[in-house]
Amino acid sequence: MMVYIASPYSDPAPGVVQDRYFSVMHFFSWLVKQPGYQKSFIFSPIIHNHPTALRYGLPTDAEFWKQYNFQIITACTHVLILRIPGWDRSIGVRMEIDFCKEAGKTLMQAYWSDDKETYKVGPFV
């Protein structure tokens, strides 16, 4: 299984961007330990590109990264929407969801469970 993690990123406040980066890293570190995902390829464009974008001044908007991300989504079997604050207002997440629906990709979602230490993962609704 190849899983692409879609999550919000851009925000005028640098602190929000940094929090989102750490949130997706936390989720990734949890997901790779879960049965059924341990032998999967799991990719997050935020984890992969955030440090490089900061260090070398790359654009951080969804439009700049759109084709790059769509190529990776095309290679993946599943797209998992990480429902952290801002996911429902994110232009990038919306573009990724729309692309997945057009491409017939399996959409999943993840969000904090009630204990705030684990996540619930299931179909995207």
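The values are calculated or read from the model by the stated rules, or taken from the named source; none is laboratory data. As the structure is a prediction and not an experimental result, all values here were calculated from the model. Cβ coordinates were reconstructed from backbone atoms using ideal geometry, including for glycine residues, and neighbour counts include every protein chain displayed.
Each residue in region 1-16 was checked for being modelled with pLDDT under 95 and hydrophobic (A, V, I, L, M, F, W, C), and 2 pass.
Residue count for region 3-30 satisfying the condition of being within 12 Å of the chain's Cα centre (by Cα), surrounded by 16 or more Cβ atoms within 10 Å (Cβ to Cβ) and of a type in the set (A, V, I, L, M, F, W, C): 6.
Taking (1) at pLDDT below 95; (2) closer than 20 Å to R83 by Cα in turn, G36 satisfies each apart from (2).
Of all residues in region 106-122, those that are assigned to a strand (DSSP E or B) and either on the phi > 0 side of the Ramachandran plot or free of Cβ contacts under 8 Å to residues at least 24 places away in the same chain (or both) total 3. Here M108 clears all of (1) loosely packed, with under 11 Cβ neighbours inside 10 Å; (2) touching a Leu at 6+ places or on another chain (Cβ under 9 Å) except the condition numbered (1). Restricting attention to region 76-105, the residues being of a type in the set (K, R), under 19 Å from S10 (Cα atoms), surrounded by fewer than 18 Cβ atoms within 10 Å (Cβ to Cβ) and free of Cβ contacts under 8 Å to residues at least 40 places away in the same chain number 1. Residues that are hydroxyl-bearing (S, T, Y) and part of a helix (DSSP H, G or I) within region 74-90 comprise just one, T74.
Return a yes/no flag: does region 33-42 have any residue that is among the hydrophobic types (A, V, I, L, M, F, W, C) and either touching a residue at least 60 places away in the same chain (Cβ under 8 Å) or in contact with a Ser or Thr (Cβ under 7 Å, 6 or more places away or on another chain) (or both). No, the conditions are met nowhere in region 33-42.
Quick grid of which residues meet (1) in contact (Cβ under 8 Å) with a residue 60 or more places away in the chain; (2) touching a helix residue (DSSP H, G or I) at 6+ places or on another chain (Cβ under 7 Å); (3) not in a helix (DSSP H, G or I):
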position	(1), (2), (3)
P8	yes, yes, yes
Q18	no, no, no
H26	no, no, no
H48	no, no, no
K66	no, yes, no
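Of everything in region 105-125 that is modelled with pLDDT of 95 or more and of a type in the set (G, A, S), the residue that is farthest from N69 (Cα to Cα) is G122.
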